[in-house]
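Here's the structure, in structure tokens; my notes come after.
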Amino acid sequence: MKHIYESQQFTVPRIMELFERTPLMKRIVARGGTQDYHTKILATLFYNSSTRTRFSFESAMLRLGGKILSTEHAREFSSEVKGELLEDTIRIISNYCDCIVLRHFEEGGAKRAAAVSPVSIINAGDGSGGQHPTQALLDLFTIYNECKILNGLSVAMIGALDLGRTVRSLAYLLSKFERVKLYFIAPAELQIKSDILQHLDEKRVSYELSDSLEEVISKVDVVYQTRIDRERLSNYHLDLSRFNIDQSVLGKMKTDSVIMHPLPRSVELSSAIDSDPRAAYFRQAQNGLFVRMALLTMIFDEE
Amino acid sequence: MKHIYESQQFTVPRIMELFERTPLMKRIVARGGTQDYHTKILATLFYNSSTRTRFSFESAMLRLGGKILSTEHAREFSSEVKGELLEDTIRIISNYCDCIVLRHFEEGGAKRAAAVSPVSIINAGDGSGGQHPTQALLDLFTIYNECKILNGLSVAMIGALDLGRTVRSLAYLLSKFERVKLYFIAPAELQIKSDILQHLDEKRVSYELSDSLEEVISKVDVVYQTRIDRERLSNYHLDLSRFNIDQSVLGKMKTDSVIMHPLPRSVELSSAIDSDPRAAYFRQAQNGLFVRMALLTMIFDEE
Amino acid sequence: MKHIYESQQFTVPRIMELFERTPLMKRIVARGGTQDYHTKILATLFYNSSTRTRFSFESAMLRLGGKILSTEHAREFSSEVKGELLEDTIRIISNYCDCIVLRHFEEGGAKRAAAVSPVSIINAGDGSGGQHPTQALLDLFTIYNECKILNGLSVAMIGALDLGRTVRSLAYLLSKFERVKLYFIAPAELQIKSDILQHLDEKRVSYELSDSLEEVISKVDVVYQTRIDRERLSNYHLDLSRFNIDQSVLGKMKTDSVIMHPLPRSVELSSAIDSDPRAAYFRQAQNGLFVRMALLTMIFDEE
């Protein structure tokens, strides 16, 4: 647990430990944070920018009493562009902090960083086909918090799944629970990659591939929508509007189901449904803060 | 007072409450700041960059003992560029902090943000024809501090006034005081817009439009110079050098008048007059820190 | 000692005072930092970006209990690009902090800033032919820490020395010690500039210019390699591969010599030698934190 680079690292007991700590973090924030981690420095090293994810980690650290070093766009603004090794950068930056939150542009970047770093590395996204394990943890916590169970759930994941970092990481996590059924809804060109399916086969997790939202939507407990990259779509000459979640879809869903989205969203998720009680995506974003706080305390407490 | 999006929100009693708090902030800074607001996090969300304004807010928060989350250039480095709604961004970022200082590229951006935000929104500039209310408050405080009065003053505002965010916000504030006389000095093409004049008419504030600095300069208590955007001027084929404030202008001014400028400056304000006692623009920049500290304490104390 | 803009400012007693404080800083970091400087704010104002140097200063400040204001790329993101004077920027930013760490794109920028600043200016690199005095101090501390002496050392400096900011600053520092011998190893087109040689002549420091690493490598106690700017080389049609430090060079070096590099590195320093005990460059980067902490305490304690 020193480094967090992929979802597979987390055992069920570890996940449940994290999810027990998480509500405590909500109470800590409500009473104005703690000073318990005031000796710790967290550095965000983001080679691709994401204000949301960066702020989520930085706020988590500040609410714990810790301090932050911050980069918005390390790729542009560091000598990395001139050919420096990621490993060298990590060796140097690790002198300045107690934990590095890394978003890197290459699949496997976080694991390479972890191999040389004396301080904890947390993967905040590596490459378009890589992982984003803390997003998966906050997604799973949201499912747990909304549904109160993790075994026996049916989950539909929708979008350009082949490069869907969050979907990939979440599939690994869900595969650890019993009687889970996964539906991957995407046009054939953008379906989930075989490495995930192979993993699900090994874990004997039931799944279906489909290119029809309509056939699946009434069966599932969780609808996990993801963002459409319009540039990619136009390259493929694909129309994904049939996968959009809007008011016409709501009526077909279970009344106690949950709609999630890692945000930011585009046309694939209509703001007209924001006030529906099943719309959990803003609660999901808020959970990100608490889950990341809990994760940081687990890392620091075990040192 | 939860959100600060436009000058019009401020009543005279509110303004005077702010101006009574402001000198206290100067004393707090002189003795090394306070820890009173150590549970608070302020996020600067700047879609257009301004190191000066950002540092002014962030320093104010740090001197109060608070913590900061920071963006230099959210427009470039967030997914906003891919079409995310400002409202969604605010809903998410508001989970991570207690106050958002927003500089947005669209007029009305701050008001839209305030409509959905559970935490305070402070407008640090919205669009080129929008407002910048905290700049106007520090400008007004500087006038008050230099002249010791606010009623009965004559104020000349000079420059490309049609898109002058600071001038627009300050005109709204000055219109709240008695026997104020405003001179808008600009070429006809760049004169102050009619919405401001209409507001002044309604408030029965006396004003004159002029394109001659020379005719006005000897009559006024305050000369508020603003920056010339050379690109705009070249589009209009205008020469504004007759509006420049330099040593030749000093002799025509009242001996107890005040020269202000929101900075940064270009050729319109000569550095040769920096040592003149009437040159108040560096004191004005310094006041920004104290006024913003006072404003933050008012927001947090009322929560 | 209010402002740190060039190496020449440091007398030997000052240097030794700094080097006595430095190991204390290492112990402070090991026990989780101090809160002694909690009233202080340090602003990093970087017109050219360097995540490494910026983080080194910011971490130093945080470990001392101080607070930070941060810019990654002031040149791009401030109004400076529109022609604002550096002096104006410094006058304004100095209201918001107690110390400004400045990386400026023009030689002499730090000295110009120091001339108008009421708060301390620390030069973190000014122009390609300027100085980087804190880098030189951490380099000298590393030499002292590795070799245990500063008098009587032979030091080879290698690379594009004409624009080598770190080499220039280090040469000034080394010239203050006795019986030092400097070797400047570079192709004639890129040799160290005459102002440095003139300074060494005045200080009666022994030096040699050479374009052969092989002739010098076996004689020196310290090999100071610097980064090759490939763009510059291609303009000159130069091949500098004969100056590369790799395993074949190790055998020719003294067994108790020291290999240094300001990092980031490119092909001029092979990662194959990282595990050799003489490879001191990662320790050198770590020393940067402690030397900068010590320097900040000297500045703040003398206020």
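The values are calculated or read from the model by the stated rules, or taken from the named source; none is laboratory data. Bear in mind the structure is a predicted one, so any value in this text is a computation, not a measurement. With ideal geometry, Cβ positions are generated from the backbone for all residues, glycine too; neighbour counts draw on all protein chains shown. Note: areas computed on protein heavy atoms with side chains; ligands, DNA, RNA excluded. Shrake-Rupley method; radii C 1.70, N 1.55, O 1.52, S 1.80 Å.
In the set (1) within 24 Å of residue A:34 (Cβ to Cβ); (2) open to solvent by 10 Å² or more (accessible area, probe 1.4 Å), the condition left unmet by residue A:61 is number (2).
If residue C:237 satisfies every condition in (1) in contact with a strand residue (DSSP E or B) (Cβ under 6 Å, 6 or more places away or on another chain); (2) on the phi > 0 side of the Ramachandran plot but one, which is the exception? (1) is the only condition that residue C:237 fails. For the range C:65-183, the helices (runs of 4 or more DSSP H) that sit wholly inside it and include 1 or more residues that are within 20 Å of the chain's Cα centre (by Cα) are C:109-116, C:133-147, C:165-174. For the residues A:85, A:163, A:140, the requirement of being among the aliphatic types (A, V, I, L, M) and open to solvent by less than 10 Å² (accessible area, probe 1.4 Å) singles out A:140. Residue A:68 satisfies every condition listed in (1) in contact with a Ser or Thr (Cβ under 6 Å, 6 or more places away or on another chain); (2) open to solvent by 10 Å² or more (accessible area, probe 1.4 Å); (3) facing chain C (nearest Cβ under 10 Å) except (1). As an exercise: evaluate residue B:203 against (1) among the basic types (Lys, Arg); (2) buried (at least 19 other Cβ atoms within 10 Å of the Cβ); (3) free of Cβ contacts under 8 Å to residues at least 40 places away in the same chain and give the number of the one condition it does not meet. Evaluating residue B:203 over (1) among the basic types (Lys, Arg); (2) buried (at least 19 other Cβ atoms within 10 Å of the Cβ); (3) free of Cβ contacts under 8 Å to residues at least 40 places away in the same chain leaves (2) as the failure. Out of contact with any Pro (no Cβ under 6 Å at 6 or more places or on another chain), more than 12 Å from chain C (Cβ to nearest Cβ), open to solvent by less than 10 Å² (accessible area, probe 1.4 Å) and touching a residue at least 40 places away in the same chain (Cβ under 8 Å), is that true of residue A:56? Considered against the rule, which asks whether it is out of contact with any Pro (no Cβ under 6 Å at 6 or more places or on another chain), more than 12 Å from chain C (Cβ to nearest Cβ), open to solvent by less than 10 Å² (accessible area, probe 1.4 Å) and touching a residue at least 40 places away in the same chain (Cβ under 8 Å), residue A:56 comes out as yes.
Selection of the range C:271-299 for residues being among the small types (Gly, Ala, Ser) and within 14 Å of chain A (Cβ to nearest Cβ) yields C:271, C:272, C:275, C:279, C:280, C:285, C:288. Scanning the range C:17-47 for residues that are aliphatic (A, V, I, L, M) and either touching an Asp or Glu at 6+ places or on another chain (Cβ under 6 Å) or within 21 Å of residue C:131 (Cβ to Cβ) (or both) turns up C:18, C:41, C:42, C:43, C:45.
Quick one: which residue in B:231, B:268, B:302, B:215 is surrounded by fewer than 15 Cβ atoms within 10 Å (Cβ to Cβ), within 14 Å of chain C (Cβ to nearest Cβ) and at pLDDT below 95?
On the way: B:268 fails: surrounded by fewer than 15 Cβ atoms within 10 Å (Cβ to Cβ); B:302 fails: within 14 Å of chain C (Cβ to nearest Cβ); B:215 fails: within 14 Å of chain C (Cβ to nearest Cβ).
Exactly one residue qualifies, and that residue is B:231.
For the range B:7-24, a tally of residues being exposed (fewer than 13 other Cβ atoms within 10 Å of the Cβ) and not in a helix (DSSP H, G or I) returns 1. Screening residue C:263 with (1) modelled with pLDDT under 95; (2) surrounded by fewer than 17 Cβ atoms within 10 Å (Cβ to Cβ); (3) aliphatic (A, V, I, L, M) gives one miss only, at (2).
Can we say residue A:27 is farther than 24 Å from residue C:33 by Cβ, in a helix (DSSP H, G or I) and open to solvent by 30 Å² or more (accessible area, probe 1.4 Å)? Full working, then the answer.
On the way: farther than 24 Å from residue C:33 by Cβ: yes; in a helix (DSSP H, G or I): yes; open to solvent by 30 Å² or more (accessible area, probe 1.4 Å): yes.
Yes; evaluated as a whole, the condition is true for this residue.
Considering the conditions (1) facing another protein chain (nearest Cβ under 9 Å); (2) under 25 Å from residue A:92 (Cβ atoms), residue A:31 is excluded by exactly one of them, (2). Hey, does the range B:165-177 have a residue that's in the same structural domain as residue B:257 (by TED's automatic domain parsing), closer than 13 Å to residue B:211 by Cβ and in contact with a helix residue (DSSP H, G or I) (Cβ under 7 Å, 6 or more places away or on another chain)? Checked the range B:165-177: no residue is in the same structural domain as residue B:257 (by TED's automatic domain parsing), closer than 13 Å to residue B:211 by Cβ and in contact with a helix residue (DSSP H, G or I) (Cβ under 7 Å, 6 or more places away or on another chain).
Got a sec? Which of A:47, A:96, A:37 is open to solvent by 20 Å² or more (accessible area, probe 1.4 Å), within 14 Å of chain C (Cβ to nearest Cβ) and aromatic (Phe, Trp, Tyr)?
Details: A:47 fails: open to solvent by 20 Å² or more (accessible area, probe 1.4 Å); A:96 fails: open to solvent by 20 Å² or more (accessible area, probe 1.4 Å).
Among A:47, A:96, A:37, only A:37 is open to solvent by 20 Å² or more (accessible area, probe 1.4 Å), within 14 Å of chain C (Cβ to nearest Cβ) and aromatic (Phe, Trp, Tyr).
Out of the range C:172-190, which residues are under 23 Å from residue C:242 (Cα atoms) and either at pLDDT below 95 or open to solvent by less than 20 Å² (accessible area, probe 1.4 Å) (or both)? Answer for the range C:172-190, where residues must be under 23 Å from residue C:242 (Cα atoms) and either at pLDDT below 95 or open to solvent by less than 20 Å² (accessible area, probe 1.4 Å) (or both): C:182, C:183, C:184, C:185, C:186, C:187, C:188, C:189, C:190.
Answer yes if at least one residue in the range B:17-33 is under 22 Å from residue A:29 (Cβ atoms) and in contact with a helix residue (DSSP H, G or I) (Cβ under 7 Å, 6 or more places away or on another chain), and no otherwise. Checked against the condition, which is being under 22 Å from residue A:29 (Cβ atoms) and in contact with a helix residue (DSSP H, G or I) (Cβ under 7 Å, 6 or more places away or on another chain), the range B:17-33 yields no hits at all.
Determine whether residue B:128 is away from chain A (no Cβ under 14 Å), surrounded by 18 or more Cβ atoms within 10 Å (Cβ to Cβ) and of a type in the set (Ser, Thr, Tyr). Let's see the steps before the verdict.
Working: away from chain A (no Cβ under 14 Å): yes; surrounded by 18 or more Cβ atoms within 10 Å (Cβ to Cβ): no; of a type in the set (Ser, Thr, Tyr): yes.
Against the criterion (away from chain A (no Cβ under 14 Å), surrounded by 18 or more Cβ atoms within 10 Å (Cβ to Cβ) and of a type in the set (Ser, Thr, Tyr)), residue B:128 does not qualify.
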